[in-house]
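The values are calculated or read from the model by the stated rules, or taken from the named source; none is laboratory data. Because the structure is a prediction, the values reported are computed rather than measured. Here the Cβ positions follow ideal geometry from the backbone for every residue, glycine too, while neighbour counts run over all protein chains shown. Heavy atoms of the whole protein, side chains included, go into the accessibility calculation; ligands, DNA and RNA do not. Shrake-Rupley method; radii C 1.70, N 1.55, O 1.52, S 1.80 Å.
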Amino acid sequence: MLFILFTKNFLMKPSPTYNFLRLRFVLLFAYVLSSYASLLQAQPLDVLYYKVYLKPNFSDSSIQGICTIQFRYLQPKQAPIQFDLEGLKATKVVMGNKKQVFKESKKFIQITLSPKLSYGDTGEVTIYYYGKPLAPSPFGGFYFKENEAYNLGVSLEQIPHNFGRVWFPCIDNFTDKALYEFLLEAPPGITGIANGTLQLQKKLPNGNTIFHWTLSNPIPTYLASVAFGNYICINDTLQGIQKKIPVSLYVKPEAKLKAQASFQNLEIALKYFEELFGPYPWEKIGYVSVAMEGGAMEHATNIAYPHHCIDGTNKCERLWVHELSHSWFGNLVTCASAEDMWLNEGFARYCEALFFEKTQGKNFFLNYIQKIHEKVITQTHIIDNGYFALSPIPLDITYGSTVYDKGALVAHTLRNYLGDSLFFGGLRLYFDRYKFRSASTKEFEQVLSEYCQCNLFEFFREWVYTPGFYSIHIDSLSTLKHKNIYEVKLWVSQESIHNAEILDNLPLKVRFWAATGEYVDKTFDINEARKPLIFYLPFLPLYVMLDPEQEVCDYTLSQIIIPERNQKYKLDPLGISFT
């Protein structure tokens, strides 16, 4: 049996100039982050409940809205309250039966309350507003397309990224979570869809229809959503761990059969994610088909999903799987800030691979990880214009390849570092402790450390809080025969790529092959720049390879091929071909 081993190390030393600039950047970014966090903490309100009436006008791409906001007043001194509202015009603000004095800036509405509230009091204001939502970014905003209208709750380009403020007044951040109620007025032939459960559908004298929705669990503003269009609803019920879970797929009438085919593995995904992460936490699973060009958006119970992906095939399966996994990563527990976005998106990216591990098998799973790994090594620094730590991530690349792709690799490495029992058990504790709240990377680290009864400080320092990579490789190998036993001596080295750290006590597997194809695995801890290792084997090793199962995502791409005679092969990314 012939084994061909392809391994490539990508070695680049960080220069002193790079390290100096990196230090200056880190210090500057820490100051900006501190200021941004202080601004969020200075909000004098905790919103408890939003009731949003919304009516779209398809003729001029405008909206008319009424938003009632119930809140807890948290300002120690009397001061105006402020809500985010961008690009829309308020006409009236009422508290009780009394009009309130307000003023608007480009991105805010400020209200002087009368009567005054004291710290801890609950208040309620109703804001009447209208206008044409800002021209949406390529991803994020409120869209009108023919007879469709819908929102995407985050903007990839705008800072801050939360984009609830472009269609209703709100506290627009990742930490302020509230309950929602929606009254959507739609013209004839159009259905209005929102988060949660449809409570009432009522015809109005003017021929329009009111769709009344309520959401029973709190969410941040970026997960609130509405969609208007010509839809039919495909309803189903799936049995979860704790309850029966309604499923609603809102699609174009002509896409009904295609939707059933494209989502045929939804039950498998749900059951597997519940097994890994705990019971599905929401009142339903919901997707709505919209005219977006690329990607999807994980609005809680009302995921925005592109028309072109509902084609009767599984070609976009990873996309709806990714969004379903956000029901835990992001929706149930939300990153505390944009700088912690890998907790949402890196893990959701990894959940794609987990789903394929379940449905396609181990080899498909490893190939999927390998493709992400190749992208991170060869492209991510170009896409994101540099090498960055996962946390804190700069705001201008919150939704970049570092967060999604390197985040998935670190999740994979962490899983193998802890083992499945501790990794998934720790995730379940994390979801239970912070459910319907927000958590930082540090809090995530502390929960996992508590569950595994180990200190994960070094792992997070090396893999999460530090940019760059680690290259681990075999320098040399020698063998000495003792009767029927072979003493094998390895020298294993590690190098730091675009960082100044060194891995400390990382367990690694090394595989030795005999000429017959038989192999033996041994494990050791890498904790030095160059380390001698001695192993005893029952055969003379013909080949040796570190990390054969791709459990550690270091700065190496490896591929094992067992070729057949007269078959053509191509090794990427170098493009080496052979027969």
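Values for this structure:
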| item | result |
| --- | --- |
| Selection status of residue 148, acidic (Asp, Glu), in contact with a strand residue (DSSP E or B) (Cβ under 6 Å, 6 or more places away or on another chain) and farther than 25 Å from residue 191 by Cα | no |
| Residue match in the stretch 395-405 (condition: surrounded by fewer than 23 Cβ atoms within 10 Å (Cβ to Cβ), assigned to a loop (DSSP other than H, G, I, E, B) and under 14 Å from the mean Cα position of the chain (by Cα)) | yes |
| Subset of the stretch 216-229 [surrounded by 15 or more Cβ atoms within 10 Å (Cβ to Cβ) and outside any helix (DSSP H, G or I)] | 217, 218, 219, 220, 224, 225, 226, 227, 228, 229 |
| Residue identified as over 19 Å from residue 184 (Cβ atoms), free of Cβ contacts under 8 Å to residues at least 12 places away in the same chain and under 26 Å from the mean Cα position of the chain (by Cα) among 239, 264 | 239 |
| The lone exception for residue 427 - which of (1) out of contact with any strand residue (DSSP E or B) (no Cβ under 7 Å at 6 or more places or on another chain); (2) over 30 Å from residue 47 (Cβ atoms); (3) assigned to a helix (DSSP H, G or I) it fails | (2) |
| Top-ranked residue of the stretch 270-280 - restricted to ones that are in contact (Cβ under 8 Å) with a residue 60 or more places away in the chain and more than 17 Å from the chain's Cα centre (by Cα), ranked as least open to solvent (accessible area, probe 1.4 Å) | 278 |
| Of the criteria (1) open to solvent by 40 Å² or more (accessible area, probe 1.4 Å); (2) part of a helix (DSSP H, G or I); (3) under 29 Å from residue 138 (Cα atoms), which one residue 392 fails | (2) |
| Hits in the stretch 234-255 - residues which are within 24 Å of residue 148 (Cα to Cα) and surrounded by 15 or more Cβ atoms within 10 Å (Cβ to Cβ) | 234, 247, 248, 249, 250, 251, 252, 255 |
| Residue match in the stretch 469-476 (condition: out of contact with any Gly (no Cβ under 8 Å at 6 or more places or on another chain), within 30 Å of residue 394 (Cβ to Cβ) and open to solvent by 50 Å² or more (accessible area, probe 1.4 Å)) | no |
| Hits in the stretch 504-531 (condition: open to solvent by less than 60 Å² (accessible area, probe 1.4 Å) and either farther than 28 Å from residue 415 by Cβ or β-branched (Val, Ile, Thr) (or both)) | 510, 514, 517, 520, 526 |
| Pairs with Cβ under 8 Å, 6+ apart, first in the stretch 555-579 and more than 19 Å from residue 513 (Cα to Cα) and open to solvent by less than 80 Å² (accessible area, probe 1.4 Å), second at pLDDT 80 or above and of a type in the set (Gly, Ala, Ser) | 555/471; 556/471; 569/577; 571/577 |
| Strands (runs of 3 or more DSSP E) (entirely within the stretch 1-118) containing at least 2 residues that are farther than 22 Å from residue 142 by Cα, of a type in the set (A, V, I, L, M, F, W, C) and modelled with pLDDT of 50 or more | 45-57, 89-95, 101-104 |
| Filter result for residue 427 (buried (at least 22 other Cβ atoms within 10 Å of the Cβ), touching a residue at least 12 places away in the same chain (Cβ under 8 Å) and of a type outside the set (S, T, N, Q)) | yes |
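For every residue, the table says whether it meets (1) buried (at least 16 other Cβ atoms within 10 Å of the Cβ); (2) out of contact with any Leu (no Cβ under 9 Å at 6 or more places or on another chain); (3) in a strand (DSSP E or B).
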{"position": "120", "(1), (2), (3)": "no, no, no"}
{"position": "123", "(1), (2), (3)": "yes, no, yes"}
{"position": "143", "(1), (2), (3)": "yes, no, yes"}
{"position": "182", "(1), (2), (3)": "yes, no, yes"}
{"position": "202", "(1), (2), (3)": "no, yes, yes"}
{"position": "213", "(1), (2), (3)": "yes, no, yes"}
